[in-house]
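K.L.:
What follows is a structure written as structure tokens; I'll ask about it next.
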Amino acid sequence: MGGRSAMEVGDWGIIKAKGFLDIRKYVEPEPIETGYTEWIGNSPVVKQHEDYNGLIVINGDYTSRYCYPGHKKLHYECKKRLEHILNDRLTSTYWFDRWYMNGSSMASHKDRPACEISVSMNISQDTHHGWPLIFDVDGEETPCFTEPGDAVIYKGMDFDHWRNKFHGNSFHQIFFHFVRTDGHYLEYANPPTS
């Protein structure tokens, strides 16, 4: 499991990592297996999300959890693996998971400085079509399809990225964000204490 595979762009600008982590060790049973009304009942379903510039990034129904304590172990395991893959020291900024529902989409955007290095990990999906994270790489649309346990590692400040309209029942992602410890964005780090 883990390591680089499938796609590398430039100086590792985007890496698709098949089987990045064994999510079964770290993630509670998915709501699609247990009925997700309790999960959603604890997190409000919203219709839009603005980024730090005021751009509406997410359209459609979704719900999110910020720095959910149940994912802390997974976050730090991700950091450890990522430091090994990139051969670089990282400082955690934050993580969150988001449950997208049918009709959701994500507008093209670049990430803020606290997301110098990001990981988008597929936790579960209830769709027959997949739902790629798409990057603009030198003017070309570059889709990254993932299965549960797969991750896309990317420099979100460098690449515009988006997701087209989702056609399925649900799609659960965890996003892990880091800055390089010896880099230019350490001041944006705000390691979670929970």
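The values are calculated or read from the model by the stated rules, or taken from the named source; none is laboratory data. On a predicted model such as this, the values are computed, not experimentally measured, just so you know. For neighbour counting, all protein chains shown are included, and Cβ atoms are generated from backbone atoms with ideal geometry for every residue, glycine included. Protein only, heavy atoms only, side chains kept; ligands, DNA and RNA dropped before computing areas. Shrake-Rupley method; radii C 1.70, N 1.55, O 1.52, S 1.80 Å.
K.L.:
Using modelled backbone amide H atoms (1.01 Å from N, in-plane), which distant-in-sequence or interchain residues come within less than 5 Å of MET157's amide H?
P.N.:
ASP111
K.L.:
Distances longer than 14 Å among the Cα atoms of the stretch 64-124: what percent of all pairs is that?
P.N.:
Roughly 66 percent, once rounded to a whole number.
K.L.:
Return the subset of LYS16/LYS73; LYS80/LYS155; LYS25/LYS155 for which the Cα-Cα distance in this structure is over 25 Å, preserving the input order.
P.N.:
Checking Cα-Cα distances, LYS25/LYS155 exceed 25 Å.
K.L.:
Quote the relative contact order of the stretch 62-106 in percent (integer), defining contacts as alpha-carbon pairs under 8 Å separated by 6+ residues.
P.N.:
That works out to 65 percent.
K.L.:
Rg to Rh ratio, the stretch 127-190, alpha-carbon atoms and Kirkwood radius?
P.N.:
When Rh is taken as the Kirkwood radius, the ratio is 1.03.
K.L.:
log10 I(q)/I(0), Debye, Cα-only the stretch 50-188, no solvent, q = 0.14, 0.21 Å⁻¹?
P.N.:
Log10 I(q)/I(0), no solvent term: -0.64, -1.48.
K.L.:
I've got another one for you. Over the stretch 96-194, give the accessible area per residue in Å² for a 1.4 Å probe, as an integer.
P.N.:
That works out to 41 Å² per residue.
K.L.:
Which of the listed residues, GLY183, LEU133, CYS144, is farthest toward the dipole's positive end in the stretch 68-194, when Lys, Arg count +1 and Asp, Glu count -1 at the beta-carbon?
P.N.:
Result: GLY183, furthest along the dipole toward the positive end.
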